[in-house]
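The values are calculated or read from the model by the stated rules, or taken from the named source; none is laboratory data. Computed from a prediction, not measured in an experiment: that's the story for all the values here. Cβ placement follows ideal geometry from the backbone for every residue including glycine, while neighbour counts extend to all protein chains displayed. Ligands, DNA and RNA are excluded from the accessible area calculation, which covers all protein heavy atoms including side chains. Shrake-Rupley method; radii C 1.70, N 1.55, O 1.52, S 1.80 Å.
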Amino acid sequence: SASGQASYVEPESLFRLNNQYASLKSKEQEEIERILFELSQKVKEHASSLLANQETFAILDQIFAKAEYALSNDGCVAHVEEDGMHLYIKEARHPLIEADHVVANTYEIKPPFRSLLITGSNTGGKTVTLKTVGLFACLAQSAFPLLAKYARLPFFSHIFADIGDDQSIQASLSTFSAHISKLAAICRDVNASSLVLLDELGSGTDPKEGESLAVAILDELRQSKAMVIATTHYSALKAYAKQSEDVLISSVEFDVEQMRPTYRYLEGVSGTSNAFAIAKRYQMNANVLKKAQELRQAQMTRQDQL
């Protein structure tokens with residue numbers, strides 16, 4: 001041994017037997033390989049048909065899996081239009097929200113409307129609406145069932161999204177610069193068959209400048225004839241939507257009596273952010289809320305009040 005405290009002796013009779021055993025094991029492995037090679041050559045004669053069958057079974061398995069998913073979740077296969085820009089999803093349910101909590105909503109954008117502006121309270125479901133429509137567009141173009149009663153969507157050549165906060169210390173990106181770099185790329189590459197999803201358009205900077213920038217960006221995207229769905233809290237953007245014939249305004253409902261969102265989507269209705277009501281729900285100091293309400297009332301324009 002390494003320590004020198006023990007010695008090992010292999011008897012000569014066992015040495016010969018061990019060599020014989022190793023030789024037999026080697027011959028056994030050679031015989032296994034010979035048999036496998038011989039069988040492989042027989043299979044090789046039918047390789048093309050076997051591979052074709054495998055591909056067919058994979059396609060059939062995929063189709064039956066999709067059908068099983070649709071049936072077990074009360075879903076449907078969307079009708080995808082190659083021409084036209086009519087989006088209609090009846091009683092859509094986001095697949096990642098639990099079935100006993102999800103609120104089904106119906107979304108529709110049809111000519112003359114090509115843009116949808118979603119307003120309403122924080123935590124009310126505006127971003128979920130964006131993600132639901134974007135996800136359903138991707139699933140429909142992948143021939144995957146949607147959790148809805150009926151769905152009809154255009155064929156989109158591109159799907160652009162600016163959702164969430166991509167600020168980065170390493171890349172020297174603030175919240176605003178992260179958003180604006182995405183928006184610049186979208187404005188550059190968008191076309192008439194694109195779907196554009198924008199969450200809190202113009203946020204992350206001075207509200208007045210952000211508001212003006214949001215209006216200008218939405219106007220630029222309208223000129224491209226793309227289908228645009230955006231969320232906002234900006235009054236100027238709401239007013240712009242009201243004055244534009246091809247922009248449909250909507251909101252997510254907030255139950256003021258219960259002080260909570262209902263997650264219901266309301267087409268054709270402009271909503272408010274309900275920031276004070278939500279702050280009260282989270283037990284913000286009453287004096288702070290009273291002062292904020294007074295300041296807000298003093299700053300409100302006639303347009304805001306309407």
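For residue 77, state whether it is hydrophobic (A, V, I, L, M, F, W, C), open to solvent by 100 Å² or more (accessible area, probe 1.4 Å), under 30 Å from residue 264 (Cβ atoms) and touching a residue at least 24 places away in the same chain (Cβ under 8 Å). Yes: the conditions hold for residue 77. Going by what's in this entry, would residue 213 be described as closer than 21 Å to residue 89 by Cα and either surrounded by fewer than 17 Cβ atoms within 10 Å (Cβ to Cβ) or not hydroxyl-bearing (Ser, Thr, Tyr) (or both)? Spelling it out, it is not the case that residue 213 is closer than 21 Å to residue 89 by Cα and either surrounded by fewer than 17 Cβ atoms within 10 Å (Cβ to Cβ) or not hydroxyl-bearing (Ser, Thr, Tyr) (or both). Please indicate, with yes or no, whether at least one residue in region 129-139 is hydroxyl-bearing (Ser, Thr, Tyr) and either without any contact (Cβ under 8 Å) to a residue 40 or more places away in the chain or open to solvent by less than 50 Å² (accessible area, probe 1.4 Å) (or both). Within region 129-139, one or more residues are hydroxyl-bearing (Ser, Thr, Tyr) and either without any contact (Cβ under 8 Å) to a residue 40 or more places away in the chain or open to solvent by less than 50 Å² (accessible area, probe 1.4 Å) (or both). Output yes when any residue across region 251-263 is of a type in the set (D, E, K, R) and open to solvent by less than 30 Å² (accessible area, probe 1.4 Å), and no when none is. Scanning region 251-263 turns up no residue that is of a type in the set (D, E, K, R) and open to solvent by less than 30 Å² (accessible area, probe 1.4 Å). Please verify whether region 105-115 includes one or more residues that are touching a helix residue (DSSP H, G or I) at 6+ places or on another chain (Cβ under 8 Å), in contact (Cβ under 8 Å) with a residue 12 or more places away in the chain, open to solvent by less than 40 Å² (accessible area, probe 1.4 Å) and among the small types (Gly, Ala, Ser). Yes. Within region 209-238, the set of residues being under 27 Å from residue 83 (Cβ atoms) and not in a helix (DSSP H, G or I) comprises 224, 225, 226, 227, 228, 229, 230.
When the residues of region 230-250 are filtered to those that are within 17 Å of residue 203 (Cβ to Cβ) and without any contact (Cβ under 8 Å) to a residue 60 or more places away in the chain, the one that is surrounded by the most Cβ atoms within 10 Å (Cβ to Cβ) is 234.
Any residue at all in region 89-96 that is open to solvent by 60 Å² or more (accessible area, probe 1.4 Å), touching a strand residue (DSSP E or B) at 6+ places or on another chain (Cβ under 9 Å) and either in contact (Cβ under 8 Å) with a residue 40 or more places away in the chain or more than 30 Å from residue 194 (Cα to Cα) (or both)?
Yes; the residues of region 89-96 include at least one that is open to solvent by 60 Å² or more (accessible area, probe 1.4 Å), touching a strand residue (DSSP E or B) at 6+ places or on another chain (Cβ under 9 Å) and either in contact (Cβ under 8 Å) with a residue 40 or more places away in the chain or more than 30 Å from residue 194 (Cα to Cα) (or both).
For the residues 82, 33, the requirement of being open to solvent by 80 Å² or more (accessible area, probe 1.4 Å), without any contact (Cβ under 8 Å) to a residue 40 or more places away in the chain and either closer than 17 Å to residue 139 by Cα or not hydrophobic (A, V, I, L, M, F, W, C) (or both) singles out 33. Of the residues screened, residue 61 is not one that is at positive phi, of a type outside the set (A, V, I, L, M, F, W, C) and surrounded by 10 or more Cβ atoms within 10 Å (Cβ to Cβ). For residue 187, the conditions (1) open to solvent by less than 60 Å² (accessible area, probe 1.4 Å); (2) modelled with pLDDT of 90 or more; (3) out of contact with any Asp or Glu (no Cβ under 7 Å at 6 or more places or on another chain); (4) not hydroxyl-bearing (Ser, Thr, Tyr) are fulfilled apart from (3).
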